[in-house]
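Have a look at the structure below before the remarks.
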Amino acid sequence: MISKETIEKVFDQARVEEVIGDFVQLKRSGSNMKGLSPFVNEKSPSFMVSPVKQIWKDFSSGKGGNSVTFLMEHEHFTYPEAIKYLANKYGIEVEETIVTNEDLEQANEKESMYLVSEFARDYFHKTMLNTDEGQAIGLSYFKERGFTKDTIEKFQLGYSPDSWDAFTKEALGKAYKLEYLEKTGLTIVKQEDGKTFDRFKGRVMFPILSMSGRVLGFGGRILTNDKKAAKYLNSPESEIYHKSKVLYGIFQAKQAIAKLDNCYLVEGYTDVIQFNQSGIENVVASSGTALTPDQIRLINRLTNNITVLFDGDAAGLRASIRGIDLILEAGMNVKVCSFPDGEDPDSFAKNNSYDVLKQYLDENSKDFIQFKADLLVKEANNDPIKKAELIRDMVNSISKISDYIKREIYIKECSRIMDITEEVIRSTLAQIEKKDLSDANKKFTEEKKVFEVHKNNENLQPAKIDILYELEQKIIELLLINGSETEDFTETFLAEDEAGNLVEVKETNAYKVYEKIYLALQEDEIELSNPIFKTIYTDIINYYNQNIEFEIDKYISQTSPEIANKITSILMLEERDTLHKWESRKIVVEKKNINLAQNVTETILSYRWYLLNKVIEENKNNITADVTVDNTEILTTIKDYLSLTTVIAKNLGRVMARF
């Protein structure tokens, strides 16, 4: 474990504005700094950093904390990983105390996957530069594309030998574990006989980096005409690589994007590299996948402006239209630019100088509404029915814009282009917004049914209990008994697939129980309301950050009689059947036969759901029937909270299915 002295040095030297500034574009706002939320689709800047207090708060997602908390949330680091990252950033030597091999292995599983990926990047790069096969095939290919030595180094391009297990043998020979080679997808292990194969054999390699520069995965391009093999192959989903959440080139582009306040979005790896070599560095790629909200959020941390570049094929045009609405919904400004027939971003950048390329981009980047009109008017071909569908499509895009001034400008522009009155457009917008709110309320009502319990006797009124007290006591119980245990926590969220459809995606990350609870309370900026529970919670979290195991006997001997008595009471609780108390108040409680991860997740989600419903009901009570009063802000707030409860209800609904 990391020594107490090292942790103290890190907290003394780390500056929250400097740490967060590596990931989020911050601007001065009085004594504080502000930027766009790196966690949710931000409509306007609500991410605040206080250099004086050395804390941050994201008012869109509710998350908050210090430098370490930010890294745990943003980079999915464990507490020790976050401390090590900051120590490296500030040149602090890390002193560690001895831990068991088992503890070390659990703590370093994710780090091991990163290390294996970094080894693979270096291996592929050196193989291309230093072997006859690598030079003849891999290096020759990149030179044919016009890439210089500096460009190849900048993007750490490489080559995987055309051998079934050359990489795997080398990695195993360097003492890297097969377990992590398989988990990262670098090595394929056959279930039948245990034989191993290199996933990327015979391909030129493109390392995919996180915004902080860690190797997440790889893209590999085959150079033969083998029709059975995919032209491009990506690493499979893993704990460190999620295709829908990464953008190729974001590490190399982040400073230029923030400085120039614009990001060019392309489709492929070579588009990014060729643009960089031409002198335009503020460019990233979606790597051939449909643009997702998570990818947009990555860009949104650095700039509010995106210019989508494409080569003009029908499939690319349609994908751009879907992406435009997602970008608008994120509150960003979007332009689009197509290249001449037969050209794509790669070829155009290769065949033209920086000045010509820059001038072309400046002169041919269209506002989204003009682009959409030009594209769809051709399809309508003077057909009144198709024209009506086109107008509705354009108005639907305008409805994604939250800024009223921008929306007003686009209403006028749409009216002019499509030769239709502004009144009709506004009426259509009102219909769309009314339907959106109605759908959100309908979903919320349906999800609430998950929590409803049919009473055998409706006249029987359960005794009143303090729900917050019960929840906080449960949190303390989990910390005392299970705090040091490591579990895989699975979260479900919505993402867009390659066809542009929203699908449920599960993401699993390993946390110690105390880390998961700590992050959850930090996200919601919650302090336990019971003074005794609050004291116990603070002491336990501080203790876990310094020690492997929580020594209950030692802790009790150092506390006051009141706290010691409360801890003893919690630890000595017999099996209790309190389900009727919770269900009567629509709070889900775990059964004893579910696993620890479910137990923790269930408690946290129930806590959030209960508090969130209180806020929704309070806002509903503030709605007035007076037609002269504008309820728009309250309705929007309710809609946003309803969306959050939907996500929570879905997760809790799965747990309920186990009862």
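The values are calculated or read from the model by the stated rules, or taken from the named source; none is laboratory data. These figures come from a predicted structure and were not determined experimentally. For neighbour counting, all protein chains shown are included, and Cβ atoms are generated from backbone atoms with ideal geometry for every residue, glycine included. For accessibility, only protein heavy atoms count, side chains too; no ligands or nucleic acids. Shrake-Rupley method; radii C 1.70, N 1.55, O 1.52, S 1.80 Å.
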Could you pull the accessible area for residue 543 with a 1.4 Å probe, rounded to 10 Å²?
50
How much length is gained if the chain between residue 639 and residue 438 is pulled fully straight, taking 0.36 nm per residue apart and subtracting their Cα-Cα distance, in nm to one decimal?
71.4 nm
Give me the net charge for the shell around residue 3: Cβ to Cβ below 13 angstrom, other residues only, Lys and Arg +1, Asp and Glu -1.
-2
Using a Förster distance of 25 angstrom, determine the FRET efficiency expected from the C-beta separation of residue 237 and residue 154, and round it to 0.05.
0.40
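Of 96, 487, which has the most accessible area with a 1.4 Å probe, and how do the rest follow in descending order? Spell out each step's value before the answer.
On the way: 96 115, 487 45 Å².
Reading off the accessible areas and sorting them downward yields 96, 487.
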Give the carbon-plus-sulfur fraction of the accessible surface of the range 111-242 in %, rounded to a whole number; probe 1.4 Å, heavy atoms of protein chains only.
50
Pairwise label distance in nanometres, residue 406 with residue 529, each label 7 Å out on the Cα-Cβ vector
3.9
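Hand me the GluC sites (Glu not before Pro) from the range 239-300 located in a DSSP loop with no more than 11 other Cβ atoms within 10 Å, in residue order please. Display every interim value, and only then the final one.
Numbers: sites: 239, 267, 281; in loops: 239, 267, 281.
In loop regions of the range 239-300 (DSSP not H, G, I, E or B), there are no sparsely surrounded GluC sites (Glu not before Pro).
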Counting only protein heavy atoms and leaving out ligands, DNA and RNA, the solvent-accessible surface of residue 286 at a 1.4 Å probe, in Å² to the nearest 10, equals 10
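For the pair residue 370 and residue 143, what calculated FRET efficiency results from E = 1/(1 + (r/R0)^6), where r is the Cβ-Cβ distance and R0 = 25 Å, to the nearest 0.05?
Working: r = 40 Å, r/R0 = 1.59.
After rounding, the FRET efficiency stands at 0.05.
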Probe radius 1.4 Å, ligands and nucleic acids left out: which of 416, 221, 322 has the largest accessible area, and how do the rest follow?
416, 322, 221
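For a 30 Å ceiling on Cα separation, which of these pairs sit above it: 57/534; 169/350; 366/386; 387/434; 154/190; 201/243?
Numbers: 57/534 21 Å; 169/350 38 Å; 366/386 23 Å; 387/434 23 Å; 154/190 35 Å; 201/243 21 Å.
Correct reply: 169/350; 154/190.
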For the pair residue 93/residue 212, report the inter-label distance in nm, with labels modelled 7 Å from Cα in the Cβ direction.
2.4
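Classify the range 1-145 from the C-alpha gyration tensor, please: rounded if a/c falls under 1.5, else prolate or oblate depending on whether a/b exceeds b/c. Don't skip to the end; give the middle numbers.
Working: a/c = 2.53, a/b = 1.42, b/c = 1.78.
Since a/c reaches 1.5 but b/c is at least a/b, the shape of the range 1-145 is classed as oblate.
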Would you check the accessible area of residue 76, probe 1.4 Å, heavy atoms only, in square angstrom rounded to 10?
70
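Rounded to the nearest 0.05, what FRET efficiency do residue 179 and residue 423 give with R0 = 51 Å and r taken as the Cβ-Cβ distance? Could you check?
On the way: r = 65 Å, r/R0 = 1.27.
Efficiency, rounded to the nearest 0.05: 0.20.
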Is the shape of the range 140-287 rounded, prolate or oblate, going by the alpha carbon gyration tensor and its root eigenvalues a ≥ b ≥ c, with a/c under 1.5 for rounded and a/b larger than b/c for prolate?
prolate
Given points 7 Å out from each Cα along the Cα-Cβ axis, report the residue 618 to residue 227 separation in nanometres with one decimal.
6.6
What is the extension gain from residue 22 to residue 189, computed as 0.36 nm multiplied by their sequence separation minus the C-alpha to C-alpha distance, in nm to one decimal?
56.3 nm
Sort the following peptides by mean Cβ neighbour count (other Cβ atoms within 10 Å, averaged over residues), highest first: 203-209, 65-71.
203-209, 65-71
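Accessible area, 1.4 Å probe, largest first: how do 292, 535, 196 sort? Before the final figure, lay out each step's value.
Working: 292 0, 535 60, 196 35 Å².
So the residues, ranked largest to smallest area, are 535, 196, 292.
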